[in-house]
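Trainee: Structure incoming, see below.
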Amino acid sequence: TATVPDRPVFAPPPNVQPRALADLSMTRVIHFGELALIDWDLTENPTLYWRAQQQPSQDWRTILRVTTKDGQVVWEWHRSPGSGRWSTDHWPVGAIVKDAYTIRWPDWAGPGQYFVEIGLQPFGGDLVTPQDEQAPKTKPEEQFIRLGWLERLPNP
């Protein structure tokens, strides 16, 4: 028998619980105007936390990518934050959305350290520059922000 999902497919994601909010470091917030990336966890399955700084005027899309140390793209995913289930133009001011990813590693990507990078763009538009000029861009001509690196462990 088929199971019925707990939430409709395009329902807003569950609220980030106060305890989870207390665990967020928010030591380096990256402001993109209407949205801010307020925290992230770079494990083999990265998690981002976004906050609506004001009422978003459009549907924003994140581009999360994993690269090798020399810049080769290993994996990349485009979607609305929050698993693509709730377009950002419906977020109320102050909404905090957990945005978890499962990386689908290609066969050629072995164990080691990989960089995690983020970009933000309006649906159908170009990447936007963060308002925080201290954000470490991967290259001056690119708008991707390097969040840090993750360690891919060998398969058991």
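The values are calculated or read from the model by the stated rules, or taken from the named source; none is laboratory data. Every value quoted in this text rests on a predicted model; they were computed, and no experiment measured them. Cβ sites come from the backbone with ideal geometry, for glycine too, and all protein chains shown count toward neighbours. The accessibility values were calculated without ligands, DNA or RNA, using every heavy atom of the protein model including side chains. Shrake-Rupley method; radii C 1.70, N 1.55, O 1.52, S 1.80 Å.
Trainee: Could you please find all residues in region 101-134 being surrounded by 10 or more Cβ atoms within 10 Å (Cβ to Cβ) and at positive phi?
Mentor: Listed by number, the list holds a single entry, 112.
Trainee: Given the condition within 17 Å of residue 42 (Cα to Cα), at pLDDT below 90 and aromatic (Phe, Trp, Tyr), answer yes or no: does some residue in region 127-148 qualify?
Mentor: Checked region 127-148: at least one residue is within 17 Å of residue 42 (Cα to Cα), at pLDDT below 90 and aromatic (Phe, Trp, Tyr).
Trainee: Looking at 93, 97, 74, 66, which is the one that is of a type in the set (A, V, I, L, M), in contact (Cβ under 8 Å) with a residue 24 or more places away in the chain and part of a loop (DSSP other than H, G, I, E, B)? Break it down into steps so the answer makes sense when it comes.
Mentor: On the way: 97 fails: part of a loop (DSSP other than H, G, I, E, B); 74 fails: part of a loop (DSSP other than H, G, I, E, B); 66 fails: part of a loop (DSSP other than H, G, I, E, B).
Of 93, 97, 74, 66, the one residue that is of a type in the set (A, V, I, L, M), in contact (Cβ under 8 Å) with a residue 24 or more places away in the chain and part of a loop (DSSP other than H, G, I, E, B) is 93.
Trainee: For the list (1) open to solvent by less than 60 Å² (accessible area, probe 1.4 Å); (2) within 28 Å of residue 151 (Cβ to Cβ); (3) assigned to a loop (DSSP other than H, G, I, E, B); (4) modelled with pLDDT under 90, I need the number of the one condition that residue 86 fails.
Mentor: (2)
Trainee: The conditions are (1) at pLDDT 90 or above; (2) outside any loop (DSSP other than H, G, I, E, B); (3) open to solvent by 40 Å² or more (accessible area, probe 1.4 Å), and residue 58 fails exactly one of them. Which is it?
Mentor: That leaves (2) as the condition not met.
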